[in-house]
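The values are calculated or read from the model by the stated rules, or taken from the named source; none is laboratory data. Owing to the predicted nature of the structure, the values given are computational and were not obtained by experimental measurement. Neighbour counts are summed over all protein chains in view; Cβ atoms, including those assigned to glycine, are modelled from backbone coordinates with ideal geometry. Note: accessible area is taken over every heavy atom of the protein model, side chains too, but ligands, DNA and RNA are not part of it. Shrake-Rupley method; radii C 1.70, N 1.55, O 1.52, S 1.80 Å.
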Amino acid sequence: MILKPRYESLELELLKYLHKRMNLSEKDHLNYLNLNKGFIGEQHFDEWLHHLPDNWLILNDLLFEFSHSHFQIDSMVISNSTIYIFEVKNYDGDYYMEDDRWFSTSGAELKNPIFQLRRTETLLRKLLHDLQLNIPIKAHVIFINPEFHLYHAPRNQPIIYPTQIQRFFSRMMTTAASNTSSRHTQLAKKLISLHIEESPYTRIPEYTFEQLKKGIFVRSVVGLLGTFIKS
């Protein structure tokens, strides 16, 4: 059961508007492409979540602040006995690891998604402890794109590759109890109430009205533009 659906972020929605109406800077255009690609990957992952038992609780796109730190969760699944959290990556192409460092085959270094996942898991565990809840957490990075490959990865990493996703969900449903209770629903609603709507990471490009291409009026992103702009 999806208790918190997934929507495009306000940042992505705004960039889509502006992309049609002006020439974005190279930095903003790259940010737009990355955000859009990430959202598409998350949508593909959502298709897998639809196979889970109906009474498992699904929360998408969570943003929390705890202990003066912000952390995001792409998808959370609450079963009877476990909370699963997923970091979804839509990388394509070949990558490799050297120790704990990640690189593309062009030599460009990436942020280690395992470090990001572990930080998220730690902060979520502390948040649950603060709520006086002791529920096991299982965290995984999901690589959703079938064109992705990672060389030299240790076997003990919490990574699910594209070819493993179906088997992973099959095991997940057979090893965890399927029934949830009102206690789990209350937990999910509490977490949703703690979700922060406006991300501190949002980057809004600078623009003027004169830069925007004129045409039919459409509604802008509420709260960011605060008015109507021309398409």
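Structure summary
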{"item": "Computed accessible area, residue 119, all protein chains, 1.4 angstrom probe, square angstrom", "result": "110"}
{"item": "Accessible surface of residue 89 - all protein chains present, 1.4 Å probe, nearest 10 Å²", "result": "30"}
{"item": "Accessible area in the full protein assembly, largest first, 1.4 Å probe, for 69, 182", "result": "182, 69"}
{"item": "Surface accessible to a 1.4 Å probe, per residue, for the residues of the chain, Å²", "result": "58"}
{"item": "Three principal axis lengths of the chain [C-alpha, angstrom, descending]", "result": "58, 45, 34"}
{"item": "Longest site-free stretch - the chain; sites: GluC sites (Glu not before Pro), DSSP loop, at most 13 other Cβ within 10 Å", "result": "1-146"}
{"item": "Pairs from 138/190; 20/89; 20/111; 37/189 whose Cα-Cα separation, in the structure shown, is over 23 Å", "result": "20/89; 20/111; 37/189"}
{"item": "Formal net charge of residues neighbouring residue 147 (Cβ-Cβ distance under 13 Å; K, R +1; D, E -1)", "result": "0"}
{"item": "Top of 163, 174, 120 by mean-square fluctuation, Gaussian network on the chain, Cα under 10 Å", "result": "174"}
{"item": "Whole-percent carbon and sulfur share, accessible surface of the range 139-187, 1.4 Å", "result": "47"}
{"item": "5 angstrom amide H check on residue 55, placed H, neighbours 5+ away", "result": "none"}
{"item": "Proximal aspartates and glutamates relative to residue 4, as straight alpha-carbon distance under 13 Å, when same-chain residues fewer than 8 apart are discounted", "result": "46, 61, 74, 197"}
{"item": "Carbon + sulfur, % of accessible area of the range 72-117 - ligands and nucleic acids excluded, 1.4 Å", "result": "40"}
